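Here the structure comes first, spelled out in structure tokens, and everything after it is commentary.
The values are calculated or read from the model by the stated rules, or taken from the named source; none is laboratory data. Only a predicted model underlies this, so the values are computations on that prediction, with no experimental measurement involved. All Cβ positions, glycine included, derive from the backbone under ideal geometry; neighbour counts span all protein chains shown.
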């Protein structure tokens with residue numbers, strides 16, 4: 001009877017772990033939060049949702065829809081990320097692409113890491129648990145290292161992340177004339193195809209795969225072209241050769257984003273240096289976390305072991321903290337070159353607020369709901385494993 005009960009409990013734990021991993025994948029490809037600005041000069045007839053943007057784990061994307069009305073004709077939806085950046089820069093706020101830089105770049109590795117942790121927690125046997133987690137962590141470490149530090153490492157990044165980088169650079173004044181441009185419609189189509197899993201017609205899997213690879217190549221070539229254009233503007237001693245590594249692209253893109261409206265190299269240089277330190281440090285923090293988690297998996301008890309499930313369970317809380325922290329940064333890191341001078345402020349994290357003539361709206365989206373569901377599933381998984389561990393003593 002006990003053996004049958006243990007088997008049933010183990011099967012339940014495994015199913016819950018698989019459900020949790022599926023939810024993690026869905027969360028990564030879903031909008032987590034949305035923000036909208038409304039004002040009299042943005043009438044609901046033309047802007048039914050205001051100037052709206054969607055926060056994903058790997059980037060910020062346009063939340064405005066194409067308006068289909070007899071009196072209004074649009075070839076494509078307004079790029080509301082660009083529109084919001086334009087509004088914000090008047091009070092000295094930096095572009096949206098300047099926030100969450102490390103988080104977005106590491107997002108695929110973090111989500112995969114959480115998946116391996118959940119799977120390891122669900123496995124009762126120490127030997128199998130260590131093998132699964134060890135192989136999973138080794139794969140993540142290799143993938144992460146190649147993406148960040150190897151030549152052409154961008155090839156290992158996901159299409160949504162690259163799309164967000166390129167569409168942000170398309171807002172650069174004049175740069176779109178010098179390099180291939182990805183329109184909002186093209187970016188949305190590419191992201192939907194790659195990340196929302198557009199089903200391919202029977203027998204066309206290879207064709208769909210080639211199409212995704214072609215889109216990624218186009219985005220990387222677009223980034224390279226823009227990189228080379230920015231290097232031409234620098235003194236010869238400061239120029240870099242394009243390597244296509246994730247770290248080079250991250251820091252260059254961050255620097256370019258900071259200087260879009262407020263091109264002050266003296267102010268920007270230390271910010272970029274700080275971001276470089278943060279990126280390298282976070283890489284090693286993740287490496288250290290993997291080693292500690294393996295130690296916890298070997299022990300099979302204690303805080304390190306329970307972190308395997310508690311950390312993924314707390315994902316909604318981690319997101320809110322990170323989101324609120326970046327909003328604070330935007331509102332308290334205002335550039336003096338803004339057209340209007342305002343006191344530092346805290347943008348609305350949740351609910352409705354007001355800044356000047358704009359009403360602000362900030363609410364969770366589908367992905368955050370899936371995060372909450374993930375927490376429930378993992379709480380049940382933790383209870384199942386805890387009961388099984390108690391009875392095994």
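The C-beta contact set for the stretch 119-132 (first residue exposed (fewer than 13 other Cβ atoms within 10 Å of the Cβ), second residue assigned to a helix (DSSP H, G or I), distance under 8 angstrom, 6+ apart or interchain) comprises 126/297; 126/298.
Residues in the stretch 257-266 that are surrounded by 22 or more Cβ atoms within 10 Å (Cβ to Cβ) and within 13 Å of residue 230 (Cα to Cα): 257 alone. Of all residues in the stretch 341-393, those being in contact (Cβ under 8 Å) with a residue 40 or more places away in the chain, within 26 Å of the chain's Cα centre (by Cα) and farther than 30 Å from residue 62 by Cβ number 3.
When we screen 117, 133 for residues that are modelled with pLDDT of 95 or more, over 20 Å from the mean Cα position of the chain (by Cα) and within 18 Å of residue 307 (Cα to Cα), the only hit is 133. Residues in the stretch 23-76 that are at pLDDT below 90 and touching a helix residue (DSSP H, G or I) at 6+ places or on another chain (Cβ under 7 Å) were compared, and the one that is farthest from residue 366 (Cα to Cα) is 76. Can you tell me how many residues in the stretch 136-147 are free of Cβ contacts under 8 Å to residues at least 60 places away in the same chain and either closer than 19 Å to residue 17 by Cα or over 24 Å from the mean Cα position of the chain (by Cα) (or both)? Total meeting the criteria: 1. Taking the stretch 146-157 only, how many residues are assigned to a helix (DSSP H, G or I) and surrounded by fewer than 16 Cβ atoms within 10 Å (Cβ to Cβ)? Going through the stretch 146-157 one residue at a time, the tally reaches 1.
Tallying residues that are within 21 Å of residue 276 (Cβ to Cβ) and in a helix (DSSP H, G or I) within the stretch 94-142 yields 14.
Residues in the stretch 224-259 that are over 21 Å from residue 147 (Cβ atoms) and touching a helix residue (DSSP H, G or I) at 6+ places or on another chain (Cβ under 9 Å): 229, 230, 231, 238, 239, 258, 259. Restricting to the stretch 303-338, count the residues that are more than 30 Å from residue 381 (Cα to Cα) and in contact with a helix residue (DSSP H, G or I) (Cβ under 8 Å, 6 or more places away or on another chain). Going through the stretch 303-338 one residue at a time, the tally reaches 3.
Each residue in the stretch 343-368 was checked for being in contact with a helix residue (DSSP H, G or I) (Cβ under 9 Å, 6 or more places away or on another chain), surrounded by fewer than 15 Cβ atoms within 10 Å (Cβ to Cβ) and under 12 Å from residue 91 (Cα atoms), and 1 of them qualify. Any chance the stretch 193-201 includes a residue that's within 25 Å of residue 80 (Cβ to Cβ), part of a helix (DSSP H, G or I), at pLDDT 90 or above and in contact with a helix residue (DSSP H, G or I) (Cβ under 9 Å, 6 or more places away or on another chain)? No: the stretch 193-201 contains no residue that is within 25 Å of residue 80 (Cβ to Cβ), part of a helix (DSSP H, G or I), at pLDDT 90 or above and in contact with a helix residue (DSSP H, G or I) (Cβ under 9 Å, 6 or more places away or on another chain).
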